[in-house]
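Only one structure is covered here, and it is reproduced in the block below.
The values are calculated or read from the model by the stated rules, or taken from the named source; none is laboratory data. The structure displayed is predicted, hence computed values, not measured ones. Cβ coordinates were reconstructed from backbone atoms using ideal geometry, including for glycine residues, and neighbour counts include every protein chain displayed. We work out accessible area using only protein heavy atoms, side chains counted, and drop any ligands, DNA or RNA first. Shrake-Rupley method; radii C 1.70, N 1.55, O 1.52, S 1.80 Å.
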Amino acid sequence: MGPVHAFGDDALGDLDAVALTEAIKAGKVSRADVVEAAIARLEAVNPKLNGLAYPAFERARARASAARPHGGFFDGVPTFIKDNVDVAGMPTMQGTDAWDPHPAAADGEFARLYLSTGLNPLGKTQLSEFGFSAAAEHPRLGPVRNPWNTDYTAGASSSGSAAFGAAGVVPIAHANDGGGSIRIPAAVNGLVGLKPSRGRLPLDKDFRQMPVRIVYNGVVTRSVRDTAAFYRETERTWRNRKLPAIGEVTGPSKRRLKIAVVTRSVGRDASPEVRELTLKTAALLEELGHRTEYIETPPVPAYFADDFLLYWAFLATALVRRGRHMFGPSFDRSKLDNLTLGLDRHATRHLHRLPLAVARLAASSRRSARFFRGYDALLTPTVAHETPRVGHLDPTADYEQVIDRLMDWVAFTPLQNATGDPAISLPLTRTAAGLPQGMMFAAERGAEARLLELAYELEEARPWARIQAPR
């Protein structure tokens, strides 16, 4: 199956969000024009990609045609919001059918910040149920498909946002990450995905109440400068004073870095092809003057994967057992998928181990800080093997099968969710099948600016493959 995209000669063209902002401000295109172009593009590709959770076209049109601008750097740029944060007037369904939808009464804390940048949402995008899986394959609505080849998954949990960004529907879209859900869909769709430091951006109430805050908001984009501009603009409105400022990052740094290279996670090796692509990325870093050091043993304790899985499962238990309290009397656990229910069973069986697991996950930040005293950054593949076909992570299959396949693929990303460190996936490589294969760079907490500077340098040295390029 060939690529599915909507790039064309309309008001959006192939502009990134910064260029589109400049075009709107210069009067080359109007806010109404770009919204209509984005809606037309969505309607062209969504039947094949299946990334839309809730349309809000009339709201977007009204916002675009308002007599006075709404303000914010990205004023008028169309976007989507992932369907697990509250936006006033839109339902929040978390990728499940387990309760009856109803519109949120008010914007959540993150949505208020996101919309303050001027971005104009066309609606909400699909995710896997509660974001637990790295592939969104809804039992009723069907899978979210990869625009590079629709036989393959678009990753998850921010699958719809990434699919629409890669396909050209919008240049920037909201994503969030509790175990890799910004970086994984960025990696398989050929996008830039930065998971920020813990506390860099606000969280809605449910995410703030976690014993270990492993969820992070962010965006997926097609260019490094769009990601950098988003963090610059949000920082002007909402700033965590406990973290170093990111500031305005506009290009590479002259500083040369010492970068550790790892192709093995806890009990899981990268596939031979992905390992080779990672080592080729390390060679590129050497060509650019950075110093790389291959590490045989991953900088993570042997018990980490089990601890993270148990904590992940505990979050499922909280949702399953408190569903009526959280989501209302219509909540029906029989409508949950096998992955969610299997995680609940796993947590129940191992609940006695949870306090130790939580303590060790919380302590992982100290171990990470020690590691980064010797290195400026860490390079790993974003995911351990090539993008799976639709159905490989079917959440209605046997739980043991799904969780083993999931843990095998998502072997590298959860570490930074526990440590609170930033990590960015860059679309630097492609597999023999022609699909994007992201490479991930991590650094110590608060070092987003360093990662963005490195990302700019790599983007210049090895421009990303373009889905709309002639084959």
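Taking 2.2 N^0.38 Å as the expected size of a compact globular protein, what ratio does the Cα radius of gyration of segment 142-274 give against it, to two decimals? Let's see the in-between values first.
On the way: Rg = 16.2 Å, N = 133, 2.2 N^0.38 = 14.1 Å.
Segment 142-274 yields a ratio of 1.15.
Proximity of backbone amide H atoms, modeled 1.01 Å from N, is registered between Thr221 and Val192 at under 5 Å, excluding neighbours fewer than 5 places apart on the same chain.
Among Leu356, Leu277, the order of accessible area from largest down is Leu356, Leu277, computed with a 1.4 Å probe on protein heavy atoms.
How big is the Kirkwood radius of the chain, worked out from every pair of different alpha carbons and given in Å to one decimal? Could you put the intermediate results ahead of the total?
Details: mean 1/r = 0.0456 Å⁻¹.
Over the chain, the inverse of the mean reciprocal pair distance is 21.9 Å.
Working note: Karplus 6.51/-1.76/1.60 with θ = phi - 60° gives segment 403-416 the couplings 5, 5, 5, 5, 5, 5, 7, 9, 9, 10, 6, x, 3, 6 Hz, where Gly and Pro are set to x. Once Lys and Arg get +1 and Asp and Glu get -1 on their Cβ, which of Met210, Ala38, Asn240 lies farthest toward the positive end of the dipole of segment 17-461? The listed residue farthest towards the positive side: Asn240. For the chain, the share of accessible area belonging to carbon and sulfur comes to 50 percent (1.4 Å probe, ligands and nucleic acids excluded).
Quick one: Cα convex hull volume of segment 85-184, Å³ per residue? Working shown, then result.
Numbers: hull volume 10.1 nm³, N = 100.
Looking at segment 85-184, the number lands at 101 Å³ per residue.
Amide H to amide H under 5 Å from Ala56: which residues, 5+ apart in sequence or cross-chain, H placed 1.01 Å off N in plane? Under 5 Å from the amide H of Ala56: Gly123, Lys124.
List, in the order given, every pair from Lys82/Lys195; Lys82/Lys205; Lys254/Lys280; Lys195/Lys242 whose Cα-Cα distance in the structure shown is over 20 Å. Could you put the intermediate results ahead of the total?
Numbers: Lys82/Lys195 15 Å; Lys82/Lys205 16 Å; Lys254/Lys280 22 Å; Lys195/Lys242 17 Å.
With Cα atoms farther than 20 Å apart: Lys254/Lys280.
Segment 1-34 and segment 43-102 have Cα centres lying 18 Å from one another. Residues Arg59, Arg366, ordered by accessible area of protein heavy atoms at a 1.4 angstrom probe radius and largest first, appear as Arg366, Arg59. Our note on the geometry: Cα centres of segment 246-263 and segment 122-152, 32 Å apart.
Tell me the Kirkwood radius of segment 219-260: reciprocal of the mean inverse pair distance over distinct alpha-carbon atoms, in Å.
Working: mean 1/r = 0.0832 Å⁻¹.
12.0 Å is the Kirkwood radius here.
Figure note: Tyr231, Tyr303, Tyr152 ranked by solvent-accessible area, largest first, 1.4 Å probe, ligands and nucleic acids not counted: Tyr303, Tyr152, Tyr231. Exposure check, 1.4 Å probe, all protein chains in place: Asp97 carries approximately 40 Å² of accessible surface.
Rolling a 1.4 Å probe across all protein chains gives Tyr216 an accessible area of roughly 10 Å². Computed with a 1.4 Å probe on the full set of protein chains, the accessible area for Ser116 sits at about 50 Å². Beta bridges assigned by DSSP with both partners in segment 17-461 are antiparallel in approximately 70 percent of cases.
Computed from phi, the 3J(HN,Hα) profile of segment 257-263 under the Karplus parametrisation 6.51, -1.76, 1.60 (θ = phi - 60°) reads 10, 9, 10, 7, 10, 10, 10 Hz, with x in place of Gly and Pro. Volume per residue of the convex hull around the Cα atoms, evaluated for segment 148-194, comes out as 60 Å³.
Taking the Cα centre of the chain as the origin, how large is its charge dipole in debye, to the nearest 20, when only Lys and Arg (+1) and Asp and Glu (-1) carry charge on their Cβ atoms? The partial results should precede the final answer.
Details: 58 positive and 52 negative charges, 267 e Å.
Value, rounded to 20: 1280 debye.
By the helix-only formula, in which each DSSP H run with n ≥ 4 contributes -39500 (n - 2.57) and the sum is divided by residues, the chain has a 222 nm mean residue ellipticity of -11500 deg cm²/dmol. One Cα centroid belongs to segment 327-377, the other to segment 216-233; the line between them spans 27 Å.
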